[in-house]
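Engineer: What follows is a single structure, and I will ask about it in a moment.
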Amino acid sequence: MNRSIIRGIGFAAAGTSVGMGVGVAMARRAARNAEAPFYDETQPPGTPEQYGSVRFAMPFHFRHSHGFASLHTASFDAVRDSLPSAELRPIRLPDGHALIYLLALRHLDVTDGSDHPTTLLVPTGGEVDVAVVVTHGPESRLRTIGTLAGMASGGAELFGLHMAVTHRQVRETGRLGWGLPKFVADMDFDDDTVMQRVRVAEGDAHILTLAVRPHGRPSIQRQAIAQYSVLDGRLIRMDMRSYAWMQRRFGGAEIDIGTDHPVAADLRRLEVSPRALVSWNVPAMRVIAMAGVPIGDARPYEGYLGMDRDFGRFTVRYPGTGPIDQYAGIRAAMEAAVHRRRRAEPAAG
């Protein structure tokens, strides 16, 4: 890994902090923000709409998630040419590289914004996102780098290039609700206190493996996130806010990119660095995703569509165990329902 880049990010972030008059005042403000209520109980429930097989009302609530993330360099020109609108500008590091953000999550409880929801929208699932760190409008490189390094206030802006998920319902809601380039993939997580790892594949084709070594003082972080996408020829901005218990460190993560899959080929085309500049461990996270808002025109961008299937493989391995199939119960229930229906057919005839 290029240590001069890491030092450059650290110096830039520190310089940004000093320039904005943070330090002790920033720490106190962060503490107050962490204690403030996260949910807005005064917000009226949204109007339910149908998105594929799922009907829900905005906003989308990820009530309980956990995961890990990393930040990598990439070719600025290749990243810029991948974006669907000139209004989105990749962040350019001092050495000329762009930034790619990888996020791996396991979602447990997901609900919508209806009045007192009593059921989960979708099954538990895995998600691995590959996104470009961008700005919409005038670029503020120092502020963005400082935010990513945890040394400045503000929010991240991302354009999702590829978003792997483990079941069809999330793929449909993401694509139809916000234009997010989601596809169904297979994910195998290794969950340990010294290493967090996920292997993403589609059948026999390896896409990527991300490994993060947790380190650093845990802290509560609240962040505003702008997620950009394309829907029906329009550039969409989806605002999200998160509340997370996390660890952050420089370095501490590697990505192994596959060779025989379209998404892997795209990551190689972007020249994504194997080692991370910054990494995060996120033992607990809550996210609220608002409705998308059109902000301009854009070229079509669908990303990788993937195979048409209901579920991918979704396993989690802890030290001393084999891979635990997270969908074993769902598959058993589906098979039992099919068996009951088949037994009832002769009687009905």
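The values are calculated or read from the model by the stated rules, or taken from the named source; none is laboratory data. Just so you know, these numbers come straight off a predicted model, no measurement behind them. All Cβ positions, even for glycine, are placed from backbone atoms using ideal geometry, and neighbour counts span all protein chains on display.
Engineer: Take the residues of the range 228-268 that are assigned to a helix (DSSP H, G or I) and touching a Phe, Trp or Tyr at 6+ places or on another chain (Cβ under 7 Å): which is farthest from ALA104 (Cα to Cα)? Outline the logic, then answer.
Structural biologist: In the first step, residues of the range 228-268 are kept if they are assigned to a helix (DSSP H, G or I); the result is 262-268.
Okay, now just the ones that are also touching a Phe, Trp or Tyr at 6+ places or on another chain (Cβ under 7 Å), so 262-263.
Values: PRO262: 19, VAL263: 16 Å.
Here the residue is PRO262.
Engineer: Among the listed residues LEU180, LEU210, LEU267, LEU231, identify the single one that is hydrophobic (A, V, I, L, M, F, W, C), at pLDDT 95 or above and in contact with a Leu (Cβ under 6 Å, 6 or more places away or on another chain).
Structural biologist: Numbers: LEU180 fails: in contact with a Leu (Cβ under 6 Å, 6 or more places away or on another chain); LEU267 fails: in contact with a Leu (Cβ under 6 Å, 6 or more places away or on another chain); LEU231 fails: in contact with a Leu (Cβ under 6 Å, 6 or more places away or on another chain).
Just one listed residue meets the conditions, LEU210.
Engineer: Right, next: Within the range 1-82, which helices (runs of 4 or more DSSP H) (wholly inside it) include 1 or more residues that are more than 17 Å from HIS116 (Cα to Cα), small (Gly, Ala, Ser) and modelled with pLDDT of 55 or more?
Structural biologist: Numbers: elements: 3-19, 24-35, 76-82.
Filter on the range 1-82 gives 24-35, 76-82.
Engineer: Can you report the number of residues in the range 95-122 which are modelled with pLDDT under 90 and closer than 23 Å to ALA69 by Cβ?
Structural biologist: Result for the range 95-122: 1.
Engineer: Still on this model: Considering each of ARG275, ARG341 in turn, give the residue that is surrounded by fewer than 19 Cβ atoms within 10 Å (Cβ to Cβ) and closer than 25 Å to LEU71 by Cβ. Steps first, please.
Structural biologist: Details: ARG341 fails: closer than 25 Å to LEU71 by Cβ.
None of the other options fit; the residue is ARG275.
Engineer: Check off (1) crowded, with 17+ Cβ neighbours inside 10 Å; (2) out of contact with any helix residue (DSSP H, G or I) (no Cβ under 8 Å at 6 or more places or on another chain) for ARG80 and give me the number that stays unchecked.
Structural biologist: Of everything listed in (1) crowded, with 17+ Cβ neighbours inside 10 Å; (2) out of contact with any helix residue (DSSP H, G or I) (no Cβ under 8 Å at 6 or more places or on another chain), ARG80 misses just condition (1).
Engineer: Now for a different question. Scan the range 162-191 and report the pairs whose first residue is among the basic types (Lys, Arg) and in a helix (DSSP H, G or I) and whose second residue is crowded, with 21+ Cβ neighbours inside 10 Å and modelled with pLDDT of 95 or more, with Cβ atoms within less than 7 Å and a gap of 6+ or a chain change.
Structural biologist: Cβ pairs passing all conditions: ARG168/VAL184; ARG171/VAL165; ARG171/LYS182; ARG171/PHE183; ARG171/VAL184; ARG175/LYS182.
Engineer: Just to be sure, is SER85 surrounded by 13 or more Cβ atoms within 10 Å (Cβ to Cβ), at pLDDT 95 or above and part of a strand (DSSP E or B)?
Structural biologist: Numbers: surrounded by 13 or more Cβ atoms within 10 Å (Cβ to Cβ): yes; at pLDDT 95 or above: yes; part of a strand (DSSP E or B): no.
No; evaluated as a whole, the condition is false for this residue.
Engineer: Of all residues in the range 287-325, which are hydrophobic (A, V, I, L, M, F, W, C), under 20 Å from SER82 (Cα atoms) and surrounded by 18 or more Cβ atoms within 10 Å (Cβ to Cβ)? If you could, list the steps in order and put the result at the bottom.
Structural biologist: Within the range 287-325, the subset hydrophobic (A, V, I, L, M, F, W, C) is 287-291, 293, 295, 298, 305, 307, 311, 314, 316, 324.
Subset that is under 20 Å from SER82 (Cα atoms): 295, 298, 305.
Answer for the range 287-325, where residues must be hydrophobic (A, V, I, L, M, F, W, C), under 20 Å from SER82 (Cα atoms) and surrounded by 18 or more Cβ atoms within 10 Å (Cβ to Cβ): just ALA298.
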